[in-house]
Amino acid sequence: MTANLLDFDLEGLAAFCERLGEKRFRATQLFRWIHQRGASDFDQMSDLAKSLRGKLKTAAHVEGLRVISQHESTDGTIKWLFDVGAGDAVEAVFIPEDDRGTLCISSQAGCAVGCRFCSTGHQGFSRNLTTGEIVAQLWFAEHFLRKHLGRDERIVSNVVMMGMGEPLQNYNALVPALRVMLDDHGYGLSRRRVTVSTSGVVPMIDRLGNDCPVALAVSLHAPNNALRDNLVPLNKKYPLAELMDACNRYLDHAPRDFITFEYCMLDGVNDTPEHAQQLIELVQRHRRPGVWCKFNLIPFNPFPASGLLRSPAPRVAAFSKMLADAGIVTTVRKTRGDDIDAACGQLAGDVKDRTRVASRMAQQRTIMLKQAAPETAAIKDS
């Protein structure tokens, strides 16, 4: 079986070339052809020796992911559904803005974390993606967009690992993929412009800080452990105090001097003034000198299985003001691509739920509804 060269960072590709009896500098030439020029045909790589091209034809290939569908939003957002085999498909999203082009990439087929407000989590989990499958999303998007837009310069300026899956639960495939994105012979992205979003896998946050520090976003979504246990089940393993301490440790290595906390605004669940005050106190308990964090408030994108609703805009504004008045940098995310189900929390793809996450979440929701029923009845009787 031949090797897919999208699976290698530059160091891995150099080792592969050495196994073919070639000098390591050949890997740099090959890396540039693949990632900077989007080439997959070895005969196109004109500055490689014919002998090397012959070896590559028998030992390697460059193969991306098959595109199942493409949808373009009225705001210019583009969503692709990629086939990753065995009945699984993952989604990636390109978000164009005046000053940047952001690509949201998936790291797993499905997700085992099971956050209540996330469509991917309700779908369940099938498997981790390989390094090549992660990189292939950027490889395809960058070179498709250059042709589509008729431009020869780099289109994707920012990458966010915020698609399907928990990136830090696929750590061994994630780190080489990040190195490809950052490498000047690859995509040359700044560490500040590559973001890994995590629901809070504390040991892997520490490892990432040492191995490949990039910008970090943490899916917080609750100001206390009781509520976060319900919304983000991983909190039961790594509660808030441990998570916040890990964020502080990460800042010793991070390319930015702050952590972004993502906070999905859920009507009547986590959006009251009391919740805002608890968040302020949480930040103050773990405060470092200067501005060490910022909050990104995300309007929830409803889907039927969640049983949740979006917080009204005035409540989001009031919540944001409370945080800002306490000196916490706060933004409200502008929803993009919601008309094609490409907005935050909406990516679902098509995966086989090998871990029965979806059925377990459905059972949990039924239990919660039953628990809430007596309270509702008491209110009606009063």
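Straight Cα distances below 21 angstrom link LYS294 to the lysines LYS321, LYS334, with same-chain residues fewer than 8 positions distant left out. Here the residues ARG192, ARG26, ranked from fewest to most Cβ neighbours within 10 Å of their Cβ, fall in the order ARG192, ARG26. The magnitude of the dipole of the range 99-184, with charges of +1 and -1 set on the Cβ of Lys/Arg and Asp/Glu and taken from the Cα centre, is near 220 debye.
Here the chain is assigned +1 on the Cβ of each Lys and Arg and -1 on the Cβ of each Asp and Glu. Its dipole about the Cα centre then comes out at about 460 debye.
Short-range pairs are left out: with C-alpha atoms under 8 Å and at least six residues apart, the relative contact order of the chain is 18 percent.
Listed by chain and number, the lysines placed with their C-alpha closer than 23 angstrom to that of LYS23 are LYS50, LYS55, LYS57; residues fewer than eight positions away on the same chain are left out. Across the range 179-189, computed HN-Hα scalar couplings (Karplus, 6.51 cos²θ - 1.76 cosθ + 1.60, θ = phi - 60°) run 5, 5, 5, 7, 5, 5, 8, x, 9, x, 7 Hz from first to last residue, x flagging Gly and Pro. Rounded to whole numbers, the Karplus 3J(HN,Hα) couplings from phi for the range 230-243 are 7, 7, 10, x, 4, 4, 5, 8, 10, x, 4, 4, 5, 5 Hz, using 6.51 cos²θ - 1.76 cosθ + 1.60 with θ = phi - 60°, and x at Gly and Pro. Per residue, the chain reaches -12000 deg cm²/dmol at 222 nm when only DSSP H runs of four or more residues are counted, each adding -39500 (n - 2.57).
Within the shell of other residues whose beta carbon sits under 13 angstrom from the beta carbon of LEU234, the net charge comes to +1, with Lys and Arg scored +1 and Asp and Glu -1. Among 229-238, 105-114, 127-136, 175-184, sorting by the average number of other beta carbon atoms lying within 10 angstrom of each residue, highest first, gives 105-114, 127-136, 175-184, 229-238.
All of the numbers you see were taken from the coordinates with simple rules; none came from a lab. This structure is a prediction, so every number in the text was calculated from the model and none was measured. Note: ideal-geometry Cβ built from the backbone for every residue, glycine included; neighbour counts use all protein chains shown.
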